[in-house]
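Below is one structure, written out as structure tokens; comments come after it.
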Amino acid sequence: MNQAHHHPCVPLVSLALLAALCGTGCKGEVAAADAGQDAADASDAGGDPVPDGSADAGGDVGPDAGADAGDAGADGGDVLGDDGGTPAETCARLPAPSGTIVRVGPGQAGQLREIVRQAAAGTTILLEDGLYRLDGGDEQSRLSFDTPGVVLRSASGNPEAVILDGNWVTGELVSVAASDVTIAEVTLQRAYYHPIHVTGGAADIQGVRLYRVRVIDPAEQGIKINPSGAGTFADRGSVECCHIELTDAGRAQVRNNCYTGGIDGHQAWGWTVRRNTIRGFFCGQGLSEHAVHFWTGSRDTRVEENVIVDCARGIGFGLGESGAARAYPDDPYPGAGYIGHYDGVIRNNFVSASSAALFASEYGFDAGIALEQARGARVFHNSVFASQAPFSSIEWRFDNTQIEVKNNLVSHNLRERGGTATLAGNIEQAPAGWFVAPGAGDLHLASAAAARDAGVRLDPGSCDLDIDRETRDDRPDVGADEVR
């Protein structure tokens, strides 16, 4: 049994002290220690520098809570179509740029930091195909976006053809501290800390867009979102159609008891994480953070239509029973105590684990979807498959967790761990034969799957489309796929 949450040692101590106090039998508290390390660096990720830039507050930072999945977003094909394409491969390219355009080639990699610094609002920086060596350290190579409305993208629209490489020397390849910055259609790889780090600026920021970006082999979290050191926030951004991966080569560079993960959001309001492929976040020793994780009082996060493969933890809202959190002026749940995540939705995601190396690791597959001190979250129409037993397919934990869990299809178990969930239409213990190609992460339903037409009807607007953006009928299938 995975025991990531069950050892009595005191949490929130340093990893070194933890090992000294508990010896080899303290594997259960690594998750708690990781929570302490990550929460402590909410304003300064892992010791790397937080950009100090000016930003346009952009007016109302709070999100439109009524927005739903059918609204604006990436226009793409099936998540795993007939050709096996992933979200990052099937989403549409950005339209042609307008306004001021600056073209840059690989031979100007050493000047790129200054080109970004001098870019005026509304400028698009187009990168020609090639390798851009950004391995001079943060003072020479980090690209700091402190001006609103600047776009960095490839000229060709091919993310694999434009590679910005930190060689595990430069801490952050891209730091964003301004509103309406777009990073699109490039590869960012081998950062010592985070390939992309988004923080508040001189004021709260909003509207950061990360689109069709390949994030490969971060030594810590691939995309980090957190408040600035001055306490300003980064809200209402999006991560769409990206490919985020930790390979075997990158795994060897991860430090601090597997202090890595895909997308890590602290005190972030109204972010959308949609149509991404996230793969490989685990270590032989230690427990990785989630493929997608929003916590420490994040709010209204929308996580949908993602394909997550072979990660120790899939999707998480909240972590731990208490900790630092964001206070909201409208106080959505007065008197509730500590809330790790407010509201939000997790829907239409494929989460799978079949890697022998993952299951041979210290923690194996911990949880497909986990909610801790999450109030008001909805977990609808997700598919979670594991080739061996996880600790939980979906779990909800701690007294302040009050959620809805409906129409989810899982190969193993739903686990209540002290939280409260309204359950309906879920199917546990689904066999591998119900899915098209579970070992490859394709959890579309096979034609004979008993999950077809077995779900309950949800309120209109809750989850009207499936992972392929096909309309659900009056007898919805259980899981992320609706067979048409």
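Here, each number is a calculation from the coordinates, and none is a lab measurement. Since the model is a prediction, treat every value here as computed from it, not as a measurement. Note that we place each Cβ from the backbone using ideal geometry, even for glycine, and neighbour counts take in every protein chain shown.
Structural remarks
- Taking the empirical scaling 2.2 N^0.38 Å for compact globular proteins as reference, segment 185-316 has a Cα radius of gyration ratio of 0.97.
- Dividing the mean sequence gap of close Cα pairs (under 8 Å, 6+ apart) by how many residues segment 307-364 holds gives a relative contact order of 54 percent.
- Here is the size of segment 96-245 from its Cα atoms: Rg then Dmax, 13.7, 38 Å.
- Look at the alpha carbon pairs under 8 Å that are at least 6 residues apart: their mean separation over the length of segment 96-245 gives a relative contact order of 18 percent.
- Of Cys242, Cys283, Cys463, Cys311, the sequence from fewest to most neighbouring Cβ atoms within 10 angstrom is Cys283, Cys463, Cys311, Cys242.
- Sorted ascending by nearby beta carbons within 10 Å, beginning with the fewest, Lys406, Lys224 become Lys406, Lys224.
- In Å, descending, principal axis extents of the Cα set of segment 286-441: 47, 35, 25
- The residues Ser288, Ser361, when put in order of fewest to most other Cβ atoms within 10 Å, stand as Ser361, Ser288.
- Neighbourhood net charge (13 Å Cβ-Cβ; Lys/Arg +1, Asp/Glu -1) for Leu358: -1
- Within segment 380-412, backbone nitrogen closer than 12 Å to the virtual label 7 Å beyond the Cα of Asp459 toward Cβ: 404
- For Ser156, the residues whose modelled amide H falls within less than 5 Å of its own, excluding neighbours fewer than 5 places apart on the same chain, are Asp129.
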